[in-house]
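Have a look at the structure below, then the notes.
The values are calculated or read from the model by the stated rules, or taken from the named source; none is laboratory data. These numbers were taken from a predicted model, which means no experiment stands behind them. Backbone-built Cβ (ideal geometry, glycine too); neighbour counts: all protein chains shown.
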Amino acid sequence: MPRLPRLASAATAALVFGLIAAAPATGHEPIVTDSRIVAHFGLAAGQTPENIAVEGDGSADLTFALARQVAHVTADGETRILATLPAVEKPNTPVVRSASVTGVVRTHDGTLYVNYATGTRETGIWRIPGDGGTAAQIAELPSNGLPNGLALDERHGMLYAADSVLGTVWRVPVSGGKATAWAKGAELRPLSVPDGSGYGANGIKAHRDAVWVSNSDRGTLLRFPIGQDGSAGPVETRATGLAGIDDFAFPGQGSSVLAALNDSSQVVLVRRDGTRTVVLTRQDGLSNPTSVAVFGRTLYLPSGAFVTKQDPNLILARLRYLFGRL
C-alpha cells in the first residue's frame, strides 16, 4: 500500500518537527514547549493508542490496542491503517480480557514488530511489512501472560517483550523462533490484589548495552545490563515513586528518561539521580498517556484514554535540548 504524502523536503521536515539544534535552556525555562494535539482518535472504534514507533521522515506508527490495529499518522494528523491483527475467538487475555495490540518497534528497513495479547496461542510477537499488509506471527508467548512493551536491539538482532502479568522479559530473535525468559523476578512482577492493578513490567527500551523496564504497580524504573554472553546482569533500580508509569523514552544519549505516568496523565523527566520534573499534564491534552517517543528534539505522546474515556490522541511537543551521556 502506498504511503500518505511525505513532507516536501528535509528542510521542511526539520522545521515541522523541530529538529534544528539549539543551546541548552538556562534558568527556569521549561524543558518541553509548544505542545499541540495533532490527531484525535475514535474511542468507540477502539482507537486507543498504546505504543509508538517513529519513522525516518518524522511520521509515526501507532498501535490501537482495542481495535487490534497498527496505524500510520502524518505530521498533520492524517491517519491510515497499516494492518489489523486477526480476530481471535473467545479471547481471554489476563487483566484486559480482550485481544490487544500493545508494543511496537520499527527496524531500519521499515519492518514493524508488535506484541499481540489474546489469551490464546496467537499471543506473541507479530511482523508487519513497513508499508502495511498481512501480519505474521514470528514467536509465540505464554497465553497466560500479557506481553506489553516491546524493545528492539537491532545491533544484536534481538527483540525484548515485557510481560506485565508473568513478570518476565522475553527475548526473541528478530528472525523469529522460540522465546527465552531473559529476566524475571519480584522486581518485574505486579503487586498482589487488591493492592495492585495487575500490571507489573510494562514499558521497555534497549539503551546503551542495557535493557530498561518500568513496573507500573511498583512505580519503578529498572535497568538490566546486557552481559557479554547476552544474558541479563543484576537488576538496578534507577527510580522509584513513579506511580502508574507506562512506557518511556530517552531524550538523548544519557540516562535521563521521559516517562508517561498513565494514572495521573503526566509526563515526567526522570534524571540520572532519580529526581524528576513534570513537563506535561492533562492541561496539555494528555489523557492517560501510554508511551513516549523522541525524534530529534520532537516528543511524541500518545494518550489511550483507557480511564478518562475522553479524547484518545497524539500530542507533539518540542524538547528544548537533548541530554548528554550523564
I'd like to check something: does segment 43-57 contain any residue that is buried (at least 23 other Cβ atoms within 10 Å of the Cβ), more than 18 Å from Leu286 (Cβ to Cβ), of a type outside the set (A, V, I, L, M) and touching a Gly at 6+ places or on another chain (Cβ under 9 Å)?
no
Among (1) β-branched (Val, Ile, Thr); (2) within 21 Å of Pro147 (Cα to Cα); (3) part of a loop (DSSP other than H, G, I, E, B), where does Val211 come up short?
(3)
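Here's a check for you: in segment 238-250, which residue that is over 16 Å from Ala206 (Cβ atoms) and not hydroxyl-bearing (Ser, Thr, Tyr) is surrounded by the fewest Cβ atoms within 10 Å (Cβ to Cβ)?
Checking each candidate, the answer is Gly241.
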So which of Pro49, Pro24 ends up being at pLDDT below 95 and under 26 Å from Gly252 (Cβ atoms)?
Pro24
For segment 256-276, what are the residues that are modelled with pLDDT of 95 or more and hydroxyl-bearing (Ser, Thr, Tyr)?
Ser256, Ser264, Ser265
Every residue in segment 228-256 that is more than 23 Å from Leu191 (Cα to Cα) and either among the aliphatic types (A, V, I, L, M) or touching a helix residue (DSSP H, G or I) at 6+ places or on another chain (Cβ under 8 Å) (or both), please.
Ala249
Scanning segment 306-325 residue by residue, those part of a loop (DSSP other than H, G, I, E, B) and over 20 Å from Asn288 (Cα atoms) turn out to be Arg320, Tyr321, Leu322, Gly324, Arg325
Out of the residues in segment 75-101 that are hydrophobic (A, V, I, L, M, F, W, C), part of a loop (DSSP other than H, G, I, E, B) and touching a Leu at 6+ places or on another chain (Cβ under 9 Å), which is surrounded by the most Cβ atoms within 10 Å (Cβ to Cβ)?
Ala99
One residue from Ser231, Ser265 being among the hydroxyl-bearing types (Ser, Thr, Tyr) and surrounded by 22 or more Cβ atoms within 10 Å (Cβ to Cβ)
Ser265
Quick check, is Val104 assigned to a strand (DSSP E or B) and within 18 Å of Gln47 (Cβ to Cβ)?
yes
Conditions: (1) hydrophobic (A, V, I, L, M, F, W, C); (2) in contact with a Gly (Cβ under 9 Å, 6 or more places away or on another chain); (3) surrounded by 23 or more Cβ atoms within 10 Å (Cβ to Cβ). Val169 meets all but one. Number of the miss?
(2)
Quick one: Leu66 ticks every box in (1) within 16 Å of the chain's Cα centre (by Cα); (2) crowded, with 21+ Cβ neighbours inside 10 Å; (3) assigned to a loop (DSSP other than H, G, I, E, B) bar one, so which box is it?
(2)
Cβ pairs under 7 Å, 6+ apart or interchain, first in segment 118-146 and among the acidic types (Asp, Glu), second outside any strand (DSSP E or B) and at pLDDT below 95, ordered by first then second residue, are Asp131/Met1; Asp131/Arg3
Residues in segment 260-289 that are more than 18 Å from Thr240 (Cα to Cα) and hydroxyl-bearing (Ser, Thr, Tyr): how many?
2
Any residue at all in segment 238-255 that's free of Cβ contacts under 8 Å to residues at least 40 places away in the same chain, touching a strand residue (DSSP E or B) at 6+ places or on another chain (Cβ under 6 Å), in a loop (DSSP other than H, G, I, E, B) and under 20 Å from Ala39 (Cβ atoms)?
no
